[in-house]
Amino acid sequence: MTARALSSCERFNDKVMLITGSTTGVGEAILRAFARKGDRVRIHGKRKETAEALAGGIGEKAAFIIGPPEVPETPAKPVGATDGQSGEASEFAAPRDVPPLGKKIGFTIPAIETLHPEARGVPKVVLFDFDGTISLLRAGWADVMAPMMVAELATLKSGESDADLYSVVREFVDRLTGKQTIYQMIELAAQVELRGGIPETPLAYKYKYLGLLHQRIAHRLDELRSGRAKPEKYLVPGSIELLEALRKRGMRMYLASGTDEEFMKQEADLLGVTEFFDGGVYGALDDYKSFSKGILIERILSRSECHGAEILGFGDGYVEIENVKTVGGIAVGVATDERECLVVDEWKRNRLAGAGADYIVPNYLNQADLLERIIAP
Ligand SMILES: [Mg+2]
């Protein structure tokens, strides 16, 4: 997750999603992703039997419309013209059961960007970052961290405006994203000192931040605990399918996060992904020098589990991308736009590309294609 990921994946909640051309392929994958998150979906395609079977498989949240790519705009039909491209989503106004929802939301088909086609191999070990790479439970964290830091610095009356302080904060929060949270707090303490203040300890700042963040995300955790929401609502789309595909290939998987271990372990359990990580699930410890993503990679290499080139890494922060590239591994940058979880966030993409990512994906809906590109026959 990066500092720019200010909103969660909840934008489409309680709406009905019409995906044109959604009886097969990428359109179908997108439709299923919405359905798994609990959205009501409308399948659209030319073949009735296929649409019917798909709707039957999804359950009561799905219905279908049969028609040509050009969807007519009438009150009884989908709102929003489409160009007929498979995978295009519209908000939908159905007759009778669903109220009109306003204007169309469009997005492009999830695409994989290959930056380094020579980055292919036979990975033995796969390393995943957690927040923003698998989990969306903490989406919006930077929207909590940055204001808290600006408020701390503003009490020092340095003469800087809130906007000035925000740029200062934003720079180091972004730069340190992917490392353990404490590093952002160490920098905050340094910034307080720089302005003549007496800082609290970085650990105290970290707990202050975690308290605020918890208020923000507690309802998401409750939704999962109570079963009101399915894990898919807070997973980067296609995560489970990707993890299953990697497991099937016999790769050893590790989950490594800059978030405190006690919290991220609970969150991984709630999302139902812990079982995939036969290598282990690791998060930040208060003794922050005892663990990092870099240390984990060192350990894996020193135990001779694999060579550096046999490591495949997935991450949305440049720290983990750099770590994997430093040892010669293959890195996939996950530039998810966490508002929609379906398109590439250009800002994240540029940062991840700059860190050396070999591939950029907006999610894992095209995981089969991605693995075909990465894994040498
Ligand atoms: Mg992350």
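We did not get these values from a lab; they are worked out from the coordinates using the rules stated. Bear in mind the structure is a predicted one, so any value in this text is a computation, not a measurement. As a convention, Cβ positions derive from the backbone with ideal geometry for all residues, glycine included, and neighbour counts pool all protein chains shown.
GLU60 to ASP269: extension gain in nm, 0.36 nm per residue of separation minus the Cα-Cα distance?
Full extension of this stretch gives 72.5 nm more.
Expressed in nm to one decimal, what extension gain is obtained for the pair THR50 and ARG299 from 0.36 nm per residue of sequence separation less their Cα-Cα distance?
84.7 nm
Using the reciprocal of the averaged 1/r over all distinct C-alpha pairs, how large is the Kirkwood radius of the range 186-290 in Å?
That comes to 16.1 Å for the range 186-290.
Counting Lys +1, Arg +1, Asp -1, Glu -1, what net charge surrounds PRO147 among other residues with beta carbon under 13 Å of its beta carbon?
My count for the surroundings of PRO147 gives 0.
Among LEU224, GLY178, TYR205, which residue has its Cα positioned farthest towards the positive end of the charge dipole of the range 142-226, with +1 placed on the Cβ of Lys and Arg, -1 on the Cβ of Asp and Glu, and the dipole taken about the Cα centre?
About the Cα centre, the residue reaching furthest to the positive side is LEU224.
Put one equal scatterer on each alpha carbon of the range 142-226, apply the Debye formula with no solvent term, and list log10 I(q)/I(0) at q = 0.25 1/Å to two decimals.
At q = 0.25 Å⁻¹ the computed log10 ratios are -1.27.
Return the aspartates and glutamates within reach of LYS61: Cα separation strictly under 14 angstrom, same-chain partners fewer than 8 residues apart disregarded; answer none if there are no such residues.
ASP14, ASP39, GLU52, ASP97
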